[in-house]
Every structure is written in C-alpha cells, then in structure tokens.
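Student: Before we start, here is the structure in question, set down as structure tokens.
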Amino acid sequence: MRIAWKIFGTSLIVFAVMTAAAAFSIYKIFEINKELHLISSVYSPLRNEIAQIEVVALQEELELERAEKLEAELRADRLEALSYGKTQEEIDAAVRQSPELQNRIKHLEERLEADLKIFKEHAQKVDQLLKSAEERVKSAQTQSTSIQDKLELAALFPTLVGIETQHSNFHNHALNLVTSADIPPATRERLEEQLESEEQKLTARLDELRQHVSAFTDKSIETAALHEQQALYASVAATAAGGSLALLLSSLVIAGILRPMRALSLGAQKVEQGDFEIELKPRSSDEIGSLTRSFNTMVDGLRSTQKIKDTFGQYLDPRVVSGLIADQSDATAGEKKVVSAYFSDLADFTTISEQFTPAGLVRVLNRYLDLMSSEITERHGVIDKYIGDAIMAFWAQPFCEDGDQATLAVESALSNIELMRKFQDELPELTGLQKNLPLLKQRIGIATGEAVIGSIGSEKTKNYTVMGDTVNLGARLEGANKIYGTQVLVCQRTRDTASGVEFRAVDRIQVKGKTEATSVYSPLARSANMTEDLRILQASSEHALHAFAEAHWQDARKMFEEIIALFPDDQIAQVFLNRLQLIESEGVPETWDGVWHLNTK
C-alpha cells in the first residue's frame, strides 16, 4: 500500500468515527428540537389556555354569584310588594304606583340581564378555549411522528371532552337556576347544591388537565435533557475515540515509515564511511520499499565503482581514478597550471641490484616505493609513474591548494630522506643479506612553475601526467645531485615559494635542453630545526657562490676553504674548489657569466 493510501485510510477511519458521532449528535439534536417544539407549540400553549379557562371560569362563577345575588334582591323586592296580601294585579298596580320600587326592580332586572350576558360571554370564551385546545392537540397529534407522543396527546382528549361536558352542564344549570324566579325554596336549594357539585367537578377536571399537561411538559423537558446529555457524551466519546484512534493509527503509519527510513539513514551513513557491503531488506511495498530497493541497486553500483577504483587505484592515483570515473573535466582535460614536479631515484641502484635475488629485488623495490609514495600522497601529491626505482610525482590543483605546491613537495622530500634510514635498517630482512649490505642514497629534484596537466595518449591508452620545461627541469635537477653530492636540489621558484624550510644556495646552472640559467638550492633543515652552524653554512655559501660568479677567484677559494674547515664532509664546497683548480690550470672560459653549463642529463 502506498504511503498516501495509508495516510488517507487513517484519515478515513477517523473521519468515519467522527461522522458517526456527528450523525448521532445531530439525531439527538433533532430529538431535542422535537421535544422543545412539542413543549412550545402544544404543552406551553395548553398550559396558558388552561390558565385562561380557569380565570374565565372563575369570572363566570363570579358573574353567576352576582346574578344570583341580583335575582335574590329582585325576588326580595317582589316579596316585599306581595307582603301586603294583594293580588297580582294589585301588586303590579302597586309597583306601577311606586315609581321608586318600579325603578329599583327595573334596575335590578337590567343588571341581572347584563350579568347574564357577561356570564354567557364567559361561557362562550371557555368553549372557544376548549375548542382551541382540542384543535391544538389534534394538530400536534397529526404532526407527531413518535408513537409515544401520539399516545400522550391522545390521553388529553378525554379530559378536554370531559371539561367541555362538565362546563356545559354547569352553564345550563346556572342559567336554569338564575332565570327561574318562582321555584320553591326546596327545589332552589337542591338546584344550588347540584350547581355547586357541577362547579367542583369542573374545577377537578381543570386540575386534572393541568396536571396532565404539566406531567407531559416535565417529561418532554427530561427527555430533551436526556437527549442533550447523550449527544454530549457521544461527542466526548467520539472525540476521545477519534483522537486515540488517530494517535494509534498515526503511530503505526509513522513507525512503518520511520523504521525503514532509519535503516536507510544508517545504511547511507555506512556507505558514506566506505562500507559498500551493506544490503537492506525491503519491509514494505510502498515508496519506502521502492526506495530501499533503489538504495540496494545504488550500493551495488557503488560497490562496482569502488572495486574499479580500488583496482585502478593501484596503478593510478585514486583521485585521478575518481575524476576519470566521474568524468570531471578538471581532473582529465589538458590545462596549464602551476605545478611542483618531483623526481627521485636511488643512486647507482642498477649496480647495487645485482647483489639481490629477483625476489629480494622485488621486495626491496616494493618496500622502497611504498615508503616514499606514502609521504607524497599523504601530502596531496599525485604519483605520475614509477620507472624502476625512479618516482615521478607532482603537486597541482585540484589536488592541493594553490600556493602550497612547493611547500608540500619539499616537505615530502625531507620526510623521504629521513625514511631512508628506516629503509636501510630493513634491508637485511628484505634481501636476506646479513653483511656487505649496500648503502642506499636517494636523489631528489624539485622544480616549480607552469606545466600542462591532463590525460595524454592514444584513443586506447592514456596517461594522466604533466609536461613542460618545469617537468624537464625537475628531472635534470634530480640528475644534478650527482655533481654536487647532494640528495635534494630545488629550483629558484621552489625555494622562493616553499615555507617552513631553510635552503642553502648551491649554484647557478644551465641544464641541458634549456637556454635560461636557474639558481639551485638544497634544503638545510626545517625552520624550527635550524642551528647556528647551519646558519653559518647558509650565509657562507651565499657569499662564496657570489664571489665565484663574479670571478673573484681568490676570495671564492678562501671562502670555500673556510667552509671545508668548518664542515669537512661538505661536498658542495669541494666541488667548487675543484672547479677553481680547473680554472687556475686551464684558464677562465671566454664566455664566463657565472653560470655552470651542464651538458649531460
């Protein structure tokens, strides 16, 4: 499964959980809304109508009592008129003759009529309120979708019908009682008791209706509160479950991604450190698995490349091999750069090697070249080639920093001269000879200047090398060590640009193949190791060489003899004393310019 699908699946599951919770909450909200609608549209108006019915019924009773009182007063006035023992005609005549009584009776009759009218209006209003309540209950029952609600609403109808019937009976009995003036007292008393009973029944019915509506209202409120609580619990539970599920699934997905990614990271670190034997096992079929397989393919390629580099690195400098494999133009294309060319050779090694067996000769050469090459490559030098016991190397960009060429070359030469002592001690083991061992001496020539560097050769075979006068000069300086008995000779530019090393002026020469003369020097010691005697030798050589170049033969002889006196083994001073003797016997050359011309390589 692809990573995108894993993430999408996790999101989908969490979304499904949250959607289910949201749907449940919405359902509960609808239930709450339904209960609130039932309360607001049915129960609350019903309670209001019941309250109005009770108020109007109370007003109706008050009007009834007022009407009964008026009717009683009217009867009392008529009885007062009848108390004289007169006939009806006489009573009517007496009433007509008594304007005051007539007005009182008329006033009472009018008030009674008005009260009865109001009484009827209240009765009609009660009937209207009961009809409205019935219609409201019917409408709510029709709109309701819940059987429980339908049953609760249906339970209100008997009560409403009973109230309506009870009110009608109460109203009819009240009118009959009030409008019947000539009723015997016993009958009137019985009617009043019956009316009072009807009134109590009506009040009881209204109380029963109010209690039903209150109970239904309270139940609806409790149901709404329960739905609200369930919706809240569902939201909390869904949020907790969704969050926990999201964390769990995300952790699993992240772990499934990070575990192989860590393995890839560790593998990349090992490859960076040069370990190409590592192989990772794909743990999934997603992008990480594809990346793991690609990583293994890459390591296989690097392993092959490293094998090529290791193999050819034994024949070419590994940095050159890397450049050739990577097709870097800076490492392969011909370009003129400042280089320090280094040539070394073992003095009279051809003659000396005749003392060794073939196997011993190979061991001696391999050990010698290994020791000398290590110092060169550790100081960023490039081994150009081996020619028997001879080594050709160079320093140039991009293999070292520009300006460090001469210093690195001279440091390598000094270190190799010091290593010759160690190599001399190893000869018995290498050759198998325990006595008559030859004394091996190394000759090194270093020249610094511009040269062409790049790949030279045919289409099938090429050699990465340096060419030019600087290279030729380095080779000539290596051979010139034979003349002066020195181990290291460097050119003027090498001496001027090398740091940390003190040099001794040797001569001003013109090598074969060059038309220009160059001053040559031999390193005395590193600057930190210079002694007072070496400084005297350095200064004395400068003065003596200057006197020789200026043809001040006597001064030159004297100075070189002083050097011999101080340093009996100094071969350079002896060379110049021999030259002075030759000049004295054969004379000064006609073209003397202070330069010694070398006619051999």
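The values are calculated or read from the model by the stated rules, or taken from the named source; none is laboratory data. These numbers were taken from a predicted model, which means no experiment stands behind them. Neighbour counts are summed over all protein chains in view; Cβ atoms, including those assigned to glycine, are modelled from backbone coordinates with ideal geometry. Accessible surface areas use protein heavy atoms only, side chains included; no ligands, DNA or RNA. Shrake-Rupley method; radii C 1.70, N 1.55, O 1.52, S 1.80 Å.
Student: At 1.4 Å probe size, with the rest of the protein present, what percent of the exposed accessible area of the stretch 453-577 is carbon and sulfur atoms?
Tutor: On the way: 2930 of 6180 Å².
Whole-percent figure for carbon plus sulfur exposure: 47.
Student: Under a 1.4 Å probe, what is the accessible area of the stretch 362-477 per residue, stated in Å²?
Tutor: On the way: 5230 Å² over 116 residues.
Result: 45 Å² of accessible area for each residue.
Student: I need the peptides 583-591, 13-21 ranked by packing, meaning the mean over residues of other C-beta atoms within 10 angstrom, with the highest value on top.
Tutor: So the peptides 583-591, 13-21, ranked by packing, come out 13-21, 583-591.
Student: Right, something else. Heavy-atom accessible area per residue, the stretch 537-581, 1.4 Å probe: how many Å²?
Tutor: Numbers: 2450 Å² over 45 residues.
Heavy-atom SASA per residue in the stretch 537-581 reads 54 Å².
Student: Report the Cα centroid-to-centroid distance between the stretch 204-271 and the stretch 544-601 in angstrom, as an integer.
Tutor: So the separation of the two Cα centres works out to 106 Å.
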